[in-house]
1. Looking at LYS287, LYS328 in this structure, which one is charged (D, E, K, R), crowded, with 21+ Cβ neighbours inside 10 Å, touching a strand residue (DSSP E or B) at 6+ places or on another chain (Cβ under 8 Å) and in a strand (DSSP E or B)?
2. Hey, any hits in region 12-32 for a residue that's open to solvent by 10 Å² or more (accessible area, probe 1.4 Å), among the aliphatic types (A, V, I, L, M), touching a strand residue (DSSP E or B) at 6+ places or on another chain (Cβ under 9 Å) and at pLDDT 95 or above?
3. Of the residues in region 51-77, how many are basic (Lys, Arg) and more than 19 Å from LYS12 (Cβ to Cβ)?
4. Within region 321-346, how many residues turn out to be under 22 Å from SER248 (Cβ atoms) and touching a Phe, Trp or Tyr at 6+ places or on another chain (Cβ under 9 Å)?
5. Looking at region 2-19 only, could you name the residues that are among the charged types (D, E, K, R) and either more than 16 Å from the ligand (Cβ to nearest atom) or in a strand (DSSP E or B) (or both)?
6. Do we find that ALA241 is closer than 22 Å to ASP384 by Cα and either modelled with pLDDT of 95 or more or not aromatic (Phe, Trp, Tyr) (or both) in this structure?
7. Quick one: GLY356 ticks every box in (1) at negative phi; (2) surrounded by fewer than 24 Cβ atoms within 10 Å (Cβ to Cβ) except a single one, so which number is it?
8. Which condition from (1) under 21 Å from ARG119 (Cβ atoms); (2) of a type in the set (Val, Ile, Thr); (3) surrounded by fewer than 23 Cβ atoms within 10 Å (Cβ to Cβ) is the one that VAL61 breaks?
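The values are calculated or read from the model by the stated rules, or taken from the named source; none is laboratory data. For clarity, every value in this text was computed on a predicted model and none was experimentally measured. Cβ coordinates were reconstructed from backbone atoms using ideal geometry, including for glycine residues, and neighbour counts include every protein chain displayed. SASA here: full protein model, heavy atoms, side chains in, ligands and nucleic acids out. Shrake-Rupley method; radii C 1.70, N 1.55, O 1.52, S 1.80 Å.
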Amino acid sequence: MTTSSSLKGEVKIPGDKSIAHRAIILNAIADGISRIDNFPLGGDCLNTIGAMRNLGVPIDVDLKKARVIVYGQGLRGLKMPSHPIDVGNSGTTGRLLIGLLSGQGFTSTITGDRYLVKRPMDRIVIPLTKMGASIHYEEGIGTLPVYIYPSDLNGIDYTMPIASAQVKSAILLATLYAKSPTIIRGDRKSRNHTELMLKNMGANIITSNDSIFLEPTDSLFARNVYVPCDISSASFFITGAMLVPNSSILIKDVGLNTTRSGILDVYKDMGADVSIENTGFTSGELKGDIIVSSKHPLRPTIIDKNLVPRLIDEIPIIALAATQAKGKTIIKDAHELAVKESNRIQSTADVLLRLGANISPTSDGMIIEGPTPLYGAAVDSMGDHRIAMMAAIAGLIAKGKTTIKNSQWIDISFPDFFEILGRLTNSHA
Ligand code: S3P
């Protein structure tokens, strides 16, 4: 990457990864055929398709149209997989499938790549085991691979120890197959796509300020889904346009679900020039166009537990923005960052330190003192797509050349990232 003079233009980016995983999994166990449009074709979502095909669900993929057709098999129609389900790098696929497969009348195995097999699975296995699931680890140490055996499930009254959409979604999927309802308490803020989709598909799910109630069911209705564009992917261009002088961009049809849009609140608090137009709903999810222009100087900010679940995946790129704000930014209560695709407290600090930022990792976040000029250097993604994309945006404002080792991991969520970035940086050349 080299320094850029400005980002300009209008872009549309791939669909939301979290919504796409759920659209595949839930429609696979629904009655009927569904069409999913604006499907993100990154490695993670393709792994979810591969996993559901392995469970006997026919799924057509039209790469050109970014369209997927799912032939739902009904709640009890999944087949025993012919081989272990390898979900690659996708934590969401792995964790949601452990919940789904706990309720099946057959044995299955779930494994993942060398990064995913190091990430904790106890957060899923503990509540599912309390529901009666029979899940075993190969090494007994709380990581993949897991072996799931048939068992009778009961609903659970569960208070979440951490805010996690993956945990609550795994419990909700298992509950569909249970003998009694589930109540999940204490997670108001993590993304709620599973709850919205289950409701839309006819499940009896009631959400309140601090709890989710779900009844087991016999069937779900298949639903077409138009996936809004991924705010987590958009956040890289939003930040680029904020930081590179003379920039002004418009990103179309971005998902603006309030459980995901914390980054926009933070950037407004930092004084950025970010606005929203053309809001509406697509498949029950709020969406709109995001317009961003560069603005200096930015103010520092404080991010704590009230915000963290609403922007958990955006913290590396927010940290980059903070290096250009005047004063001290504090990010705390974000212990979860340590168990993402990389230890993002460490990998974010490593990349930004190498580029010349003043950033100190802490046990639950980081402290950034700005503004500091950044200087191009060689950095490593540590196998983490979001760290690679953050480094690429940092390269736009760094003086000199930034080289990103292992940038191929970007394909996990956003294979078109460099092409779209190229369009934004060249459209005015
Ligand atoms: C996701 C939930 C979040 C997020 C991840 C995707 C999901 O993880 O970090 O990238 O789609 O449910 P947690 O559930 O662990 O918070």
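1. Just a single option satisfies the conditions, and that option is LYS287.
2. Among the residues of region 12-32, not one is open to solvent by 10 Å² or more (accessible area, probe 1.4 Å), among the aliphatic types (A, V, I, L, M), touching a strand residue (DSSP E or B) at 6+ places or on another chain (Cβ under 9 Å) and at pLDDT 95 or above, which makes the answer no.
3. So the count comes out to 2.
4. Selection size over region 321-346: 1.
5. Those that are among the charged types (D, E, K, R) and either more than 16 Å from the ligand (Cβ to nearest atom) or in a strand (DSSP E or B) (or both): LYS8, GLU10, LYS12.
6. It is false that ALA241 is closer than 22 Å to ASP384 by Cα and either modelled with pLDDT of 95 or more or not aromatic (Phe, Trp, Tyr) (or both).
7. GLY356 satisfies all of (1) at negative phi; (2) surrounded by fewer than 24 Cβ atoms within 10 Å (Cβ to Cβ) except (1).
8. (1)
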